[in-house]
Amino acid sequence: MIVEETKLKGCFIIAPRVFNDDRGYFFECFNQKTFNKLINTEVNFVQDNESFSSKGVLRGLHHQLGEHAQAKLVRVIKGQVLDVAVDIRKGSETFGQYVAVELTEDNKKQLFVPRGFAHGFIVLSDTAIFSYKCDNFYNKESEGGIIYNDKDLSIDWKLEEKEFIVSEKDLVLPTLKNAVL
């Protein structure tokens, strides 16, 4: 695996070694021991989630508060998404900054999003299957979020806003300045 730390401390892009032959391909998408060694942190994932979405579906920006905060390891099984992680760690030198990475079925890259980040993605292909591991269980009372079009973040989602499909719940999220962190 090739690991690259992003400009946001603790947030990593991970690219696997893919073995291709005339039968198809094989790669190891996760190995707990190798993963922890590569990111130099011990993370124990307790939940796997998967979503299917159509082009333009924008999910996020979501986070869990306090003791229910979650680290995530995300990847695309089918299709293409723009995945975004926003640093919301109070006191962080990169607070309010984000990284955006295209995750595709072809590049097989993963993004590790540590605790203390808001996370979201938009589907760039006709459809996408998105998979993610979490190191803490979801807690409804601890959910938080930031509106996807926060002018201070100025995220380029790679599609025109008229193409976005956003849930009613995500449309009323606060800006970073007004978010509960």
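The values are calculated or read from the model by the stated rules, or taken from the named source; none is laboratory data. In this text the structure is predicted, and so the values were computed from the model without any measurement. Positions of Cβ are backbone-derived with ideal geometry, glycine not excepted, and every protein chain shown enters the neighbour counts.
Residue-wise test of (1) at pLDDT 95 or above; (2) buried (at least 18 other Cβ atoms within 10 Å of the Cβ); (3) farther than 16 Å from GLN110 by Cβ; (4) of a type outside the set (D, E, K, R).
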{"site": "LEU8", "(1), (2), (3), (4)": "yes, yes, no, yes"}
{"site": "GLY24", "(1), (2), (3), (4)": "no, no, yes, yes"}
{"site": "CYS29", "(1), (2), (3), (4)": "no, no, no, yes"}
{"site": "ILE39", "(1), (2), (3), (4)": "no, yes, no, yes"}
{"site": "GLU42", "(1), (2), (3), (4)": "no, no, yes, no"}
{"site": "GLU50", "(1), (2), (3), (4)": "yes, no, no, no"}
{"site": "SER53", "(1), (2), (3), (4)": "yes, yes, yes, yes"}
{"site": "LEU65", "(1), (2), (3), (4)": "no, no, yes, yes"}
{"site": "LEU73", "(1), (2), (3), (4)": "yes, yes, no, yes"}
Which residue, of SER92, SER131, SER125, is touching a strand residue (DSSP E or B) at 6+ places or on another chain (Cβ under 6 Å), more than 16 Å from ASP152 (Cα to Cα), touching a residue at least 12 places away in the same chain (Cβ under 8 Å) and not in a strand (DSSP E or B)? SER125
Residues of the stretch 10-22 being in a loop (DSSP other than H, G, I, E, B) and loosely packed, with under 14 Cβ neighbours inside 10 Å, which ones? ARG17, VAL18, ASP22
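Could you look through the stretch 23-49, keep only residues that are among the hydrophobic types (A, V, I, L, M, F, W, C) and part of a helix (DSSP H, G or I), and pick out the one that is farthest from ASN139 (Cα to Cα)?
Kept after step one, since they are among the hydrophobic types (A, V, I, L, M, F, W, C), are these residues of the stretch 23-49: 26-27, 29-30, 35, 38-39, 43, 45-46.
Within this subset, residues satisfying the condition of being part of a helix (DSSP H, G or I) are 35, 38-39.
Working: PHE35: 25, LEU38: 29, ILE39: 26 Å.
Going through the qualifying residues, I end up with LEU38.
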Consider the stretch 10-20. How many of its residues are over 19 Å from the mean Cα position of the chain (by Cα) and either hydroxyl-bearing (Ser, Thr, Tyr) or at pLDDT 95 or above (or both)? 0
Determine, yes or no, whether GLU42 is free of Cβ contacts under 8 Å to residues at least 60 places away in the same chain and within 17 Å of the chain's Cα centre (by Cα). no
Just checking, does the stretch 159-175 include any residue being surrounded by 14 or more Cβ atoms within 10 Å (Cβ to Cβ), in contact (Cβ under 8 Å) with a residue 60 or more places away in the chain and touching a helix residue (DSSP H, G or I) at 6+ places or on another chain (Cβ under 8 Å)? no
Among the candidates LYS162, LYS108, single out the residue that is basic (Lys, Arg) and outside any loop (DSSP other than H, G, I, E, B). LYS162
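Can you go through ALA100, ALA118 and tell me which one is among the aliphatic types (A, V, I, L, M), closer than 26 Å to LYS177 by Cβ and surrounded by 20 or more Cβ atoms within 10 Å (Cβ to Cβ)? Walk me through how you get there before you give the answer.
Details: ALA100 fails: surrounded by 20 or more Cβ atoms within 10 Å (Cβ to Cβ).
Checking each option against the conditions leaves just ALA118.
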